[in-house]
Amino acid sequence: MPNLKGVVLETYGSGNAPTRNTFITYLSNAINKGIKIINVTQCIGGSVIQGHYETSVALKEIGVISGFDITLEAAVAKLMYLLSLNLSDTDFKSYYESSLRGEITKKH
């Protein structure tokens, strides 16, 4: 997809996703191209804790950014806002994984 800069990945439970090599490779290649991948849970309550279960270890290792307990809607808005700032990868991750306006209530 031309000009794609970010993706919000809605995962199971505490941030778990399929572990097939093709899926992880696809995400890793996107991250290496500068596309930001954000991991949010599809659950009404709870939080993403990447690496807590085996099914999220690879996501953490390849650089998927945790949304912790951010809602899907807030995740999209925050992604758009932070992309507009042209931050370094390190700063982007740091800002995304921190609460800017109360959108994340707990950090692990």
Original post:
Applying the selection to the stretch 59-98, what residues are of a type in the set (Gly, Ala, Ser), surrounded by 13 or more Cβ atoms within 10 Å (Cβ to Cβ) and part of a loop (DSSP other than H, G, I, E, B)?
Top reply: GLY63, GLY67
Original post:
Checking ILE37 against (1) touching a residue at least 12 places away in the same chain (Cβ under 8 Å); (2) touching an Asp or Glu at 6+ places or on another chain (Cβ under 9 Å), which test does it fail?
Top reply: (2)
Subject >> Filtered residues of the stretch 72-108 (kept if among the hydrophobic types (A, V, I, L, M, F, W, C) and more than 18 Å from CYS43 (Cα to Cα)) >> reply: ALA77, LEU79, MET80, LEU82, LEU83, LEU85, LEU87, PHE92, LEU100
**OP:** Working only within the stretch 5-44, note down all residues that are of a type in the set (A, V, I, L, M), more than 21 Å from THR90 (Cβ to Cβ) and either in a loop (DSSP other than H, G, I, E, B) or open to solvent by 40 Å² or more (accessible area, probe 1.4 Å) (or both).
**Re:** ALA17, ILE44
Original post:
Can you tell me which of ILE62, ILE49 is at negative phi and modelled with pLDDT of 95 or more?
Top reply: ILE62
**OP:** Could you grab me the full set of residues in the stretch 80-97 that are under 19 Å from ASN32 (Cα atoms) and aromatic (Phe, Trp, Tyr)?
**Re:** PHE92, TYR96
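The values are calculated or read from the model by the stated rules, or taken from the named source; none is laboratory data. On a predicted model such as this, the values are computed, not experimentally measured, just so you know. A quick note on method: Cβ atoms are made from the backbone with ideal geometry, for glycine too, and the neighbour counts reach across all protein chains shown. Protein only, heavy atoms only, side chains kept; ligands, DNA and RNA dropped before computing areas. Shrake-Rupley method; radii C 1.70, N 1.55, O 1.52, S 1.80 Å.
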